[in-house]
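The values are calculated or read from the model by the stated rules, or taken from the named source; none is laboratory data. As the structure is a computational prediction, the values presented were derived from the model and not from experiment. In this analysis, Cβ positions are derived from the backbone assuming ideal geometry, glycine residues included, and neighbour counts consider all displayed protein chains. These area figures cover heavy atoms from the full protein model, side chains too; ligands, DNA and RNA do not enter into them. Shrake-Rupley method; radii C 1.70, N 1.55, O 1.52, S 1.80 Å.
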Amino acid sequence: MTEPGQKAKLETKDLHLYYGAYHALRDITMDIPERAITAIIGPSGCGKSSLLRVFNRMNDLIPGASVRGEVLLDGAPVYGKDTDAVTLRKKVGMVFQRPDVFPMSIYDNVVIGPRHHGIRRRRRLDEIAEKSLTRAALWDEVKDILKKPGSSLAPGQQQRLCIARALAVEPDVILMDESCSALDPESTMKIEELMLDLAEKYTIIIVTHNMEQARRVSDMSAFMMIDENKVGTLVEYAPTMRLFANPKDKRTEDYITGRFG
């Protein structure tokens, strides 16, 4: 479901994910609205990160991984025979749990994607670097130290650098897998403010264990858990305020109130 008046950016229909013989996700059907923040919540091991990686085919990198069902981006099949995974990942960027800063300068961290996609002119790369770092609310902090290693930045700055790197290739969707879990409260607040700003232009999907974070930043929330066969399933998907205030499933209520998980 999407809220009235909101177009679905990503859709899954009867999605199943397997790692070899292991059934990781079962029958996931959901419509993710564009230019909004969707939070995926649930206990550890229920398949939240696996679902996130379905959207940009990161699971392709795992031997034996396979998908059954439909995944659509703007109505086009993510797992279609003619879909190029590299091009897809340009449209669907990802920011991981811990800042994966590359062993290079701040500047080179940001422009590595555009360079990979064939942009060579220094002036154009400079424009991309400034624009991306500005969008990531980091430009003013690093504009005078762009030649310094990205690893020299504080952890919260490193995570915003990773966000700038994702933005540099002009994605449509940004996936964030527990991107604040390793950060202090002040850095977390900055990342959350950044998410809200970015959602005016981008579709953002976050995995989080932080229920208060899901309440604060997301428009939609998906609650997942494992079923009796140890397979990840979607229990409930609804606008965040509705899901937290009036969950339809007792399991959702038990989780968000801290009775388990």
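Annotations for the structure displayed:
- log₁₀ of I(q)/I(0) at q = 0.11, 0.21, 0.25 Å⁻¹ - region 188-261, Debye sum with one point per alpha carbon: -0.30, -0.96, -1.21
- Counting only protein heavy atoms and a probe of 1.4 Å, the accessible surface of region 26-87 is 48% carbon and sulfur.
- Cα-based shape type of region 77-122, given that a ≥ b ≥ c are square roots of the gyration tensor eigenvalues and the cut on a/c is 1.5: oblate
- Subtracting the Cα-Cα distance of R242 and R122 from their residue separation scaled by 0.36 nm leaves 38.3 nm.
- In whole percents, the pair-distance distribution calculated for the chain from its alpha-carbon pairs, binned every 5 Å from zero, is 1, 6, 13, 17, 18, 16, 13, 9, 4, 2, 0, 0.
- Those aspartates and glutamates that a straight Cα-Cα span of less than 13 Å connects to K9, excepting residues fewer than 8 apart in one chain: D31, E34, D74, D172
- Residues whose amide H lies under 5 Å from that of A222, counting only those 5 or more places away or on a different chain, are A39, I40, I41; hydrogens are built 1.01 Å from N in the peptide plane.
- Taking Lys and Arg as +1 and Asp and Glu as -1, the other residues whose beta-carbon sits under 11 Å from that of V86 total +2.
- Total charge dipole magnitude, region 174-261, about the Cα centre, Cβ charges on Lys, Arg, Asp, Glu only, Debye to nearest 20: 300 debye
- Charge dipole (Cα centre; +1 on Lys/Arg Cβ, -1 on Asp/Glu Cβ; no other charges) of the chain amounts to roughly 760 debye.
- Remark: the E130-K250 segment gains 38.4 nm on full extension, using 0.36 nm per residue and subtracting the alpha carbon distance.
- Among the listed pairs K7/K143; K13/K201; K91/K248; K7/K131; K90/K143; K13/K250, those with a Cα-Cα distance over 31 Å are K7/K143; K91/K248.
- Efficiency of FRET between R68 and E200 - r from beta-carbon atoms, R0 41 angstrom, step 0.05: 0.70
- Gain on full stretching of the segment that runs from R215 to E141 - 0.36 nm per residue minus C-alpha separation: 23.7 nm
- With all projection directions averaged, the alpha carbon convex hull of region 106-261 covers 10.9 nm².
- If only the Cβ of Lys and Arg carry +1 and only the Cβ of Asp and Glu carry -1, the dipole of region 1-108 around its Cα centre is close to 160 debye.
- For region 10-49 and region 80-100, distance of Cα centres in Å: 16 Å
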